[in-house]
Amino acid sequence: MTLERHDRVRAVQWDDAAGELVLLDQRRLPVEVVHKRCRTAEAVAEAIGAMVVRGAPAIGIAAAYGAVLAARAGTLAEGLEMLAAARPTAVNLGWAVARMRDRAGAGADVDGLLEEARTIHAEDLAANRRMGEVGAAYLGDGCGVLTHCNTGSLATAGFGTALGVIRAGWAAGRVARVFATETRPWLQGARLTAWELLADDIPVDVIADGAAAALMQSGGVQWLVVGADRVTANGDVANKIGTYALALAARAHGVRVMVAIPSSTLDFATASGADIPIEYRSADEVLGFGGQHIAAKGTGAWNPVFDVTPAALVDVLVTERGAVEAPNRERLRRLGHAAGGDVDGSSSNKETA
Ligand code: MRU
């Protein structure tokens, strides 16, 4: 079984001939496979806000190509600002925008910016493949894994972060069974992770979010493997709403918790999870389903779409630079220094627009 067989889906593509960004419309999956073409930075920012493209690394990559479209239109400064503001929680978005701004500041023209966007895109795929190997090495033979949201090819340049670890573990014969939470309210697990894994010949069982603790209690899983939208200097993890509850349940049942991220998700400039901007989305996402209202008219809703898992609940943080067990401020600093990264917080992964 080759690894390529387990990595066929692509969410973000640049059409060189047309000079357009082509996004797989994730609002329509799995019912329809349709693509949305973006010709302006504004269209890219709208697509990010509306979740046509989603997942921290994928929105960073889309924003990088959005910057190319803005530069081509002669509106780079406004374009970068609009793109950085499209969603608040994933630090990869501000990171990619800052990288494009720096490249423009160093004199890059439209072609130079396109080259930078392609580099960001290619680096993400390479990072995912590497962290797949690093993370899979932790999994015991024949283990069951539970994942949350969608962290796969749909959320990245390809292969995925947490789902990349699971792909690599499956290809190596280490992972015997994969469970995915449905991930209410947007159903990234039931709609996207299940579709993507089946497309790549990896069987998966979807569980209701509320079934996770019972699954752990039954002994069906040994690992919870998730991604993140931002990991702060002390190792706190912002990820899809429900991750915190899963990590608490995992600790109570002796299930180990792995967080897999590219280093573009590390935010050394933010001290702890308390300082992470959490996105709140429309009440309709909670009160309705498939465009159909399901709660009584007049019902209110509280809809934070990310939560913060304290570092103390994480057993291992996996990056393309290596893994950090029981992550804390000091260990993350060492990881940053060892890789020659910026860990003083002055110009690290923080929105700057
Ligand atoms: O709201 P979404 O679907 O963009 O949320 C995505 C997540 O929470 C993912 O777990 C995270 O971005 C990591 S994706 C590799």
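No value in this document is a laboratory result; all are computed from the given coordinates. Only a predicted model underlies this, so the values are computations on that prediction, with no experimental measurement involved. Neighbour counts are summed over all protein chains in view; Cβ atoms, including those assigned to glycine, are modelled from backbone coordinates with ideal geometry.
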For the chain, what is Rg from Cα atoms divided by 2.2 N^0.38 Å, rounded to two decimals? 0.93
Sorted by Cβ neighbour density within 10 Å, fewest at the top, the residues Asp141, Asp209: Asp141, Asp209
Within the set of other residues whose C-beta is less than 15 Å from the C-beta of Asn303, count the net charge using Lys and Arg as +1 and Asp and Glu as -1. -1
For the stretch 3-126, what Kirkwood radius comes out of the mean inverse Cα-Cα distance, in Å? 14.3 Å
For a quick check of your reading of the filter: which trypsin sites (Lys or Arg not before Pro) in the stretch 247-302 sit in a DSSP loop and have no more than 11 other Cβ atoms within 10 Å? Lys297
Angle between the Cα long axis of helix 243-253 and the longest principal axis of the chain, 0 to 90 degrees, nearest 10? 30 degrees
Calculate for the chain the 222 nm mean residue ellipticity that helices alone would give, adding -39,500 (n - 2.57) per DSSP H run of length 4 or more and normalising by residue count, nearest 500 deg cm²/dmol. -11000 deg cm²/dmol
For the stretch 212-251, rounded, prolate or oblate, judged on the Cα gyration tensor with a ≥ b ≥ c (square roots of eigenvalues), a/c < 1.5 rounded, else prolate if a/b > b/c? prolate
Can you say what percent of the DSSP beta bridges in the stretch 129-351, counting only those with both residues inside, are antiparallel? Round to 5. 40 percent
Rounded to whole Å, √(5λ) for the Cα gyration tensor eigenvalues of the stretch 178-308, largest first, gives 24, 22, 15
Quote the relative contact order of the stretch 129-351 in percent (integer), defining contacts as alpha-carbon pairs under 8 Å separated by 6+ residues. 20 percent
Between Asn234, Asn92, Asn128, find the one with the highest GNM mean-square fluctuation for the chain; connect C-alpha pairs within less than 10 Å. Asn234
Footprinting proxy, Trp95, Trp170: sorted fewest to most Cβ within 10 Å, the residues are Trp170, Trp95
Please state the relative contact order of the stretch 3-126 as a whole percent: Cα pairs under 8 Å, 6+ residues apart? 21 percent
Put a dot 7 Å past each Cα toward the Cβ at Ser272 and Arg10; how far apart are the dots in nm? 4.4 nm
Per-residue counts of other Cβ atoms within 10 Å, averaged by peptide: what ranking do you get for 132-140, 239-247, 16-24, highest first? 239-247, 132-140, 16-24
In whole percent, what relative contact order does the stretch 232-306 give with Cα contacts below 8 Å and a gap of six or more residues? 40 percent
Could you sort the peptides 186-192, 227-233, 119-125, 160-166 by per-residue average Cβ neighbour count (10 Å cutoff), highest mean leading? 160-166, 227-233, 186-192, 119-125
Leu248 and Thr119 label points (each 7 Å along its Cα→Cβ direction) are spaced in nm at 4.4 nm
Kindly put Ser263, Ser282 in sequence by how many other C-beta atoms sit within 10 Å of each C-beta, fewest to most. Ser282, Ser263
